[in-house]
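Nothing in this text is a laboratory measurement; each read-out follows from the coordinates by a stated rule. Treat the numbers as computed from the prediction; the structure is a model and nothing was measured. Cβ atoms come from the backbone with ideal geometry, glycine included; neighbour counts cover every protein chain shown.
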Amino acid sequence: MNGLKTVLLLGLLTGLLLFVGEAVGGQNGLMLGLGLAVVMNFASYFWSDKIALAMNGAVPISREEAPMVYRICERLATNNQLPMPKIYMIPTDSPNAFATGRNPEHASVAVTQGVLKILDERELEGVLAHELSHVKNRDILISAVAATIAGALTMIARMAYWAELFGGFGGRSSDNERGGGIFSGLLMIILAPIAALLIQLAISRSREYQADASGAEMTHNPDGLASALQKLDAYSKRIPMMASPSTAHLFIIQPFTGGGLMGAIGNLFSTHPPIAKRIERLTGRRVE
């Protein structure tokens with residue numbers, strides 16, 4: 001099923017690139033869109049994990065720098081017949097984590113500095129089991145591809161705006177045409193990021209519930225993950241995760257937890273289920 005979703009997402013990316021290219025630049029734009037589609041499809045499959053890691057400032061970390069992370073990952077990987085993933089660190093005090101890669105043999109797990117500061121070993125094991133569940137369930141490729149597509153759509157929106165502003169690929173013959181082009185460019189720069197969000201939402205929230213359940217099975221300790229989620233939620237509100245919106249769905253908890261109007265909009269397009277519901281499913285206890 002995830003393989004089919006990946007093919008469909010790559011097909012959608014191709015169609016959007018061709019549509020935007022033709023709308024902005026006619027035949028020349030269509031050819032440019034086709035070229036971008038080929039490059040982006042290739043990059044999405046083979047390099048989406050590296051793109052996601054780079055976008056979030058993740059750097060490789062050694063066993064000496066994070067012995068507990070390595071120890072837990074090795075134990076979980078061995079017990080579940082998984083290859084040992086590469087370990088990365090994101091230099092931020094906001095607690096979070098994600099897994100990426102096109103298959104278990106090319107998987108990476110990234111944790112923030114904040115995670116190691118606030119979680120004990122039992123809770124950290126729950127978080128890492130959740131991430132390795134994404135690897136075991138083979139939904140890390142589609143997540144990484146979606147991140148690449150979301151970033152590409154935002155980039156295309158900006159390209160469309162500037163192309164229309166300066167007359168498109170073929171030039172404009174009048175100020176009225178140019179004014180119309182600027183208007184359509186503004187629409188593109190507004191609508192394309194929304195399309196990116198909708199693509200992310202196409203990856204059902206159920207994958208987080210499934211990873212929670214699978215992670216709890218790996219550790220035989222649902223309370224460890226539940227306690228970790230509660231801590232991550234509380235601390236991330238005090239120190240919001242400064243992550244790219246196109247990779248927000250990769251993380252164990254939703255970044256950008258600010259309040260006000262933007263927070264309400266963020267909740268509307270949230271790629272994660274509410275923390276309270278996740279904890280309730282894990283433990284059977286309601287969290288107020």
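Among residues other than G114 with Cβ under 13 Å from its Cβ, the summed charge is +1 (Lys and Arg +1, Asp and Glu -1).
Among residues other than G224 whose Cβ falls under 10 Å from its Cβ, what is the net charge (Lys/Arg +1, Asp/Glu -1)? Kindly include the intermediate steps, with their values, before the conclusion.
Values: positive: R122; negative: D120, E121, E123, E125, D223.
My count for the surroundings of G224 gives -4.
If Lys and Arg each add +1 and Asp and Glu each add -1, what is the summed charge of the other residues whose beta carbon sits under 10 Å from the beta carbon of N80? Spelling it out: positives minus negatives among the neighbours equals +1.
For the pair R205 and V38, a Förster radius of 22 Å applied to the C-beta separation gives a FRET efficiency near 0.10, rounded to the nearest 0.05.
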